[in-house]
1. What ranking do Glu111, Glu63 get, fewest neighbouring Cβ atoms within 10 angstrom at the top?
2. Before anything else, pin down the relative contact order of the chain: Cα pairs under 8 Å, at least 6 apart, normalised by residue count, whole percent.
3. Using the Cα centre as the reference, give the magnitude of the dipole from point charges on the C-beta atoms of segment 101-245 (Lys, Arg: +1; Asp, Glu: -1; all else neutral), rounded to the nearest 20 debye.
4. Would you work out which of His89, Ile148, Leu122 lies farthest towards the positive end of the dipole of the chain, given +1 charges on the beta-carbon of Lys and Arg and -1 on that of Asp and Glu, about the Cα centre?
5. Say each of Asp159 and Thr308 gets a label point 7 Å from the Cα, pointing the same way as Cα to Cβ; how far apart are those two points in nm?
6. Looking only at Ala50, Ala28, Ala204, which one moves most when the chain is put into a Gaussian network model with springs between Cα atoms under 10 Å?
7. What does the convex hull of the Cα atoms of the chain come to per residue, in Å³, rounded to a whole number?
8. Which order do Asp105, Asp140 fall in if you start with the one that has the fewest other Cβ atoms within 10 Å?
Amino acid sequence: MTETTDAPTHAYVPTPLPGLGRLIQGTAMLDALSERDALALLDAVTEAGARSFDLARHYGAGEAERRFGLWYRTVPPERRPFLVGKGGHPDDVRDRVTRDDVRADLDTSLERTGAERFDLYLLHRDDPDVPVGEIVDFLDELAREGRIGAYGGSNWSVDRIRAAQTYARRAGRDGFRASSPHFSLAVPIRPPWPGCVTLNGPDAQQDRAWYAANGLPVLAWSSVAMGWFALETEADVFGNERTLGATVYATPDNVARRDRARRIAERDGGTATEVAVRYVLHQPMRTHAIVGCRSAEEFRSLKRAAETPLSTDDLRWLEWGEG
């Protein structure tokens, strides 16, 4: 499939995804819990207000989805949450952004979870060697079949998303309805995993402006920087190489950002982690925060924080120390 077409065009206007919450509970940690604890956690965060969950075929080699499915099958249909699924993650041999691979991933994920469809399905990675028209076409097929509601990309560059949307307009497709890059107050030293795309730092300012101008929803993964804002001591920050968050975020600039978040937490009440969530959710972009809460109280605290805005001056000061 080529990138251009003579098909009639229609305007691409991203619309909100009904049922998608501002806070999205992640599930990547479920495989590290016992089955009993995983089910209890899902019950607890749902009771605390979680209505959207982020899943992926890749998490825990499939065990995270399987445990989620044990819980999901017990939820009455009228109470089932909004499901974000992801597929097309590369393996050790090759990229897997193909029609056959993505269909196989979706089949596997639906079987594991017991869901009839995913409300939003994202490609976990991109493969720039595959024309975006081919990708939009096979995702659109899945939507027309009713197996997914909407589709988008995780860790896709703005250039590739822009090309996908251009093709969708020309071909009369719905196009991407969401994007899930990394975005948090802390700026990473390096990508935590290969192929990750971030909206953090000065190099991403134009990309953030594009999202703000175009209204494409941003589902920010690692929105609280892998627990960075909860680290207390310098030994935690710089001395624990086993902590992925510390190895990705341990810089003097991020220590300063964490300290500024603490100062706003002292001013407004709450914690630095809650301020970090407020930072993500009150951008000019249409943002949602993926969080990995480990308890009902943690989810409640972040839910309260999500409802507390920050001023433009606060946002600038948190990020750059300027106001």
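No lab work stands behind these numbers, since they all come straight from the coordinates. The shown structure was predicted, so the numbers you read here are calculated from the model rather than taken from an experiment. Every residue, glycine as well, gets a Cβ built from its backbone with ideal geometry; the counts of neighbours run over all protein chains shown.
1. Working: Glu111 12, Glu63 16.
Placing the least packed residue first, the sequence is Glu111, Glu63.
2. Taking the mean separation of contacting Cα pairs over the length of the chain, I get 19 percent.
3. Details: 15 positive and 22 negative charges, 89 e Å.
Around 420 debye, computed over segment 101-245.
4. With unit charges placed on the Cβ atoms, the residue in question is Ile148.
5. Computed distance between label sites Asp159 and Thr308 equals 4.1 nm.
6. Ala204
7. Values: hull volume 43.0 nm³, N = 323.
That works out to 133 Å³ per residue.
8. On the way: Asp105 22, Asp140 18.
The most exposed by this proxy come first: Asp140, Asp105.
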